Amino acid sequence: MIRIINGANRDRHSKEMADVFSLRKRVFHDLLKWDVKVEGDWEIDHYDDANPIYVLSYSPETKRLRGALRLLPTLGPNMLDDTFPVLLGDKPPIRSAAIWESSRFCIDPEISQDRGSNQVTIAAAELMCGVGELGLASGLTHIVTVTDVFLERMFRRMGCPGERIADPQKIGSVYAVAIAWEVTQNLLDRMKEVAGIDQRVLEEPMTLEQARVA
């Protein structure tokens with residue numbers, strides 16, 4: 001089950017957003033040991049003040065948050081252009097109304113440790129399918145992201161390998177890479193097939209701009 005929350009109204013969803021920021025701390029700070037800003041039990045940064053869209057995946061059985069990601073337009077502040085331009089190589093900054101950035105993609109570590117089920121693939125694919133549905137409704141051409149090579153392999157297994165924008169670079173303790181996905185119906189269908197998703201993941205069709213002002 002996918003839920004969309006925008007940054008402008010996140011104060012009206014304090015419980016949900018507390019769960020998101022807490023999950024991000026457990027994944028990026030505690031588990032992956034990334035050099036991220038932590039405030040108490042939360043991982044939160046200045047991009048969370050730029051009115052992003054949050055895509056949240058909930059378990060239909062337990063109703064617990066199982067994964068989340070953040071979307072930002074590349075015409076505004078975003079991690080690839082403003083924090084990690086080294087990952088662009090010799091490419092120019094990406095600034096386009098038709099290209100949005102996905103960041104802070106994370107899955108509940110308890111699900112990740114459940115090797116006997118397909119929950120990781122389902123939760124991850126549901127998040128990416130939510131992005132795909134938003135992107136198609138909005139006329140986007142691409143989604144870009146900064147990730148590490150481990151998650152890049154997971155995206156391949158999900159049926160959405162994407163294309164490297166430039167070579168990976170060692171940043172802190174990880175090899176980071178920038179990836180671009182072309183937003184197409186074929187990609188969305190392939191991800192749903194891999195995860196066994198046979199219906200729309202958004203409750204109602206919506207564009208990114210509709211999501212930002214909802």
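The values are calculated or read from the model by the stated rules, or taken from the named source; none is laboratory data. Computed from a predicted model, the values in this text were never measured in an experiment. As a convention, Cβ positions derive from the backbone with ideal geometry for all residues, glycine included, and neighbour counts pool all protein chains shown.
Just give me the residues in segment 148-177 being in a loop (DSSP other than H, G, I, E, B) and more than 14 Å from Trp34 (Cα to Cα), in sequence order.
Met158, Gly159, Cys160, Pro161, Gly162, Ile165, Ala166, Asp167, Pro168
Would you mind stating whether Asp11 is at pLDDT 95 or above and over 15 Å from the mean Cα position of the chain (by Cα)?
When the stated conditions are applied, Asp11 does not pass them.
Collect the residues in segment 202-214 that are surrounded by 12 or more Cβ atoms within 10 Å (Cβ to Cβ), touching a residue at least 40 places away in the same chain (Cβ under 8 Å), in a helix (DSSP H, G or I) and not charged (D, E, K, R), keeping them in residue-number order.
Leu208, Ala211
Within segment 180-201, can you find the residues that are in contact (Cβ under 8 Å) with a residue 24 or more places away in the chain and either of a type in the set (Lys, Arg) or assigned to a helix (DSSP H, G or I) (or both)?
Gln185, Leu187, Leu188, Arg190, Met191, Lys192, Glu193, Val194, Ala195, Arg200, listed by residue number.
Could we say that Gly89 is touching a helix residue (DSSP H, G or I) at 6+ places or on another chain (Cβ under 6 Å) and not basic (Lys, Arg) here?
no
Filtering segment 168-214 down to residues that are touching a strand residue (DSSP E or B) at 6+ places or on another chain (Cβ under 7 Å) and at pLDDT below 90, which residue is farthest from Pro52 (Cα to Cα)?
Per the criteria, the residue is Val174.
Scan segment 67-116 residue by residue and report those that are more than 24 Å from Gly132 (Cα to Cα), modelled with pLDDT of 95 or more and either of a type in the set (S, T, N, Q) or touching a Gly at 6+ places or on another chain (Cβ under 7 Å) (or both).
Scanning segment 67-116 gives a single hit, Thr83.
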